[in-house]
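None of the figures in this text is laboratory data; all of them are computed from the coordinates on show. In this text the structure is predicted, and so the values were computed from the model without any measurement. Methodologically, a virtual Cβ is constructed for each residue, glycine included, from the backbone with ideal geometry; neighbour enumeration extends over all protein chains shown.
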């Protein structure tokens, strides 16, 4: 088993590289993707070169590239390993907002 340690900046650059590759595979210029996604061209250029972008703009780009579905699995709970774990999850109270009332 190998452990791969990536920084957030490494992951952001890898995402930007894949988005650029997908854009180029469609034969689109940066200006075309900017137009289709509603993201400013300067923002798209910064994203492709440095990986810097807001989540909202990243989702717009993903949508324009027909890959928005990839984000729907982000932060999913792992599959339960037992029925007991499933029951525990179902009975767990979720916080709606605010601070815990526990001391």
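When the Gaussian network model of the chain links Cα atoms closer than 10 Å, the mean-square fluctuations of 24, 41, 83 top out at 83. Highest GNM mean-square fluctuation among 77, 86, 55, for the chain modelled with Cα contacts below 10 Å: 86. With contacts taken as Cα pairs under 8 Å at a separation of at least 6 residues, region 8-73 carries a relative contact order of 37 percent. From helices alone, the chain scores -16000 deg cm²/dmol at 222 nm; the rule is -39500 (n - 2.57) for each run of n ≥ 4 DSSP H residues, then divide by the residue total. Axis of helix 55-64 versus longest Cα principal axis of the chain: the two differ by about 60°, to the nearest ten degrees.
Principal-axis analysis of the Cα atoms of the chain puts helix 41-50 at an angle of about 70° to the longest axis.
The separation of region 1-36 from region 55-91, counted between C-alpha centres, amounts to 20 Å. Taking 7 Å steps out from each Cα toward its Cβ at residue 21 and residue 69 produces label points 1.9 nm apart.
Under the shape rule built on the C-alpha gyration tensor, where the axes satisfy a ≥ b ≥ c, region 39-78 is prolate, since a/c reaches at least 1.5 and a/b is greater than b/c.
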